[in-house]
Amino acid sequence: MPRKKEILRVKGKIKETYTMFSRFYGFLEEKFEKGLRKRALAHLVLQKGETALEIGFGTGCALEQMAEVVGQTGRIYGIDITPRMVELARKRLRRKGLSGRAELTEGDARDMPYPDNQFDAVLMASVLELFDTPEIPVVLKEVKRVLKPEGRLVVASIPKEGFEDSKVLTLYEWLHQKFPKHASCRPIYLEDSLKYTGYRITKAEVLLLAKIFPMKIVSAKTS
């Protein structure tokens with residue numbers, strides 16, 4: 001088993017980076033992350049009538065699918081720190097006639113404006129690894145607060161575990177150190193972070209984006 005290595009610290013700022021990326025991020029979501037989104041939503045197992053939250057929803061591709069699944073009796077919430085992403089996601093939902101099923105907020109996952117025990121399920125895809133190392137447990141504890149007892153959390157992120165010697169991720173970490181504004185995230189020990197903050201892991205799966213870049217999807221429950 002590869003020896004665990006130190007997680008890099010985050011130098012870039014999420015809002016600045018994704019405001020810059022917003023002009024073309026919709027294309028990345030729809031094409032490059034399509035398979036990841038499909039698998040993450042399969043892990044989430046949303047049901048009609050449920051209330052769910054997506055953290056860091058980008059241009060709203062997953063929000064659209066979530067709103068369709070929960071139907072008129074359900075409700076979808078989204079929080080994103082980037083004003084431009086909020087605007088783009090709202091436009092997407094309006095085009096699809098789904099605005100009435102979703103409530104979007106510009107805000108920070110470290111301090112969310114939701115009451116305790118509100119959501120049946122929470123999705124975070126390509127988001128948790130954007131936070132600096134000390135902030136990861138803060139975010140996960142905040143998610144735990146807003147989830148119902150036995151609530152479901154699905155996180156998709158760049159994995160450190162099992163990929164300590166990956167040449168692709170070693171290169172990406174180098175890019176993160178040299179160009180933090182553009183390569184704004186880095187691999188993390190996702191399962192360790194979830195266990196540390198009191199989650200029970202129920203399922204894990206690794207995908208290769210474009211057949212070369214590893215992503216891990218982990219399902220967990222609050223108890």
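The values are calculated or read from the model by the stated rules, or taken from the named source; none is laboratory data. Not measured: the values here are computed from a predicted model. Virtual Cβ from ideal backbone geometry, glycine too; neighbours counted across all protein chains shown.
Note on segment 174-187: residues that are touching a residue at least 40 places away in the same chain (Cβ under 8 Å) and out of contact with any Phe, Trp or Tyr (no Cβ under 9 Å at 6 or more places or on another chain) total 4. Among the residues of segment 132-145, none qualifies, meaning not one is touching a residue at least 40 places away in the same chain (Cβ under 8 Å), in contact with a Cys (Cβ under 9 Å, 6 or more places away or on another chain) and not β-branched (Val, Ile, Thr). Scanning segment 60-77 for residues that are surrounded by 24 or more Cβ atoms within 10 Å (Cβ to Cβ) and either within 11 Å of Arg92 (Cβ to Cβ) or touching a His at 6+ places or on another chain (Cβ under 6 Å) (or both) yields a count of 4. When the criteria are applied in full, Phe119 meets the requirement of being touching a Lys or Arg at 6+ places or on another chain (Cβ under 8 Å) and hydrophobic (A, V, I, L, M, F, W, C). If only residues of segment 167-200 that are modelled with pLDDT of 95 or more and small (Gly, Ala, Ser) are counted, the one that is surrounded by the most Cβ atoms within 10 Å (Cβ to Cβ) is Ser193. Looking across segment 34-48, just one residue is crowded, with 17+ Cβ neighbours inside 10 Å and either over 14 Å from the mean Cα position of the chain (by Cα) or not in a helix (DSSP H, G or I) (or both), and that is Leu46. For segment 201-223, the set of residues classified as among the small types (Gly, Ala, Ser) and either surrounded by 13 or more Cβ atoms within 10 Å (Cβ to Cβ) or part of a strand (DSSP E or B) (or both) consists of Ala204, Ser219, Ala220, listed by residue number.
Conditions tested, residue by residue: (1) out of contact with any Asp or Glu (no Cβ under 6 Å at 6 or more places or on another chain); (2) without any contact (Cβ under 8 Å) to a residue 60 or more places away in the chain; (3) of a type outside the set (Ser, Thr, Tyr).
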{"residue": "Gly71", "(1), (2), (3)": "yes, yes, yes"}
{"residue": "Ile76", "(1), (2), (3)": "yes, yes, yes"}
{"residue": "Glu87", "(1), (2), (3)": "yes, yes, yes"}
{"residue": "Lys96", "(1), (2), (3)": "no, yes, yes"}
{"residue": "Gly100", "(1), (2), (3)": "yes, yes, yes"}
{"residue": "Thr105", "(1), (2), (3)": "yes, yes, no"}
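The set of residues in segment 97-128 being within 13 Å of Tyr77 (Cα to Cα), exposed (fewer than 15 other Cβ atoms within 10 Å of the Cβ) and out of contact with any strand residue (DSSP E or B) (no Cβ under 9 Å at 6 or more places or on another chain) consists of Gly100, Pro115.
A quick yes/no check of all residues on (1) at pLDDT 95 or above; (2) closer than 26 Å to Glu135 by Cβ:
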{"position": "Thr17", "(1), (2)": "no, yes"}
{"position": "Ala42", "(1), (2)": "yes, no"}
{"position": "Leu46", "(1), (2)": "yes, no"}
{"position": "Val70", "(1), (2)": "yes, no"}
{"position": "Arg75", "(1), (2)": "yes, no"}
{"position": "Glu103", "(1), (2)": "yes, yes"}
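Can you find a residue in segment 52-59 that is crowded, with 21+ Cβ neighbours inside 10 Å, at pLDDT below 95 and assigned to a helix (DSSP H, G or I)? No, because not a single residue in segment 52-59 is crowded, with 21+ Cβ neighbours inside 10 Å, at pLDDT below 95 and assigned to a helix (DSSP H, G or I). Please go through segment 161-173 and pick out each residue that is in contact (Cβ under 8 Å) with a residue 24 or more places away in the chain, among the charged types (D, E, K, R) and not in a loop (DSSP other than H, G, I, E, B). Across segment 161-173, the qualifying residue is only Glu173.
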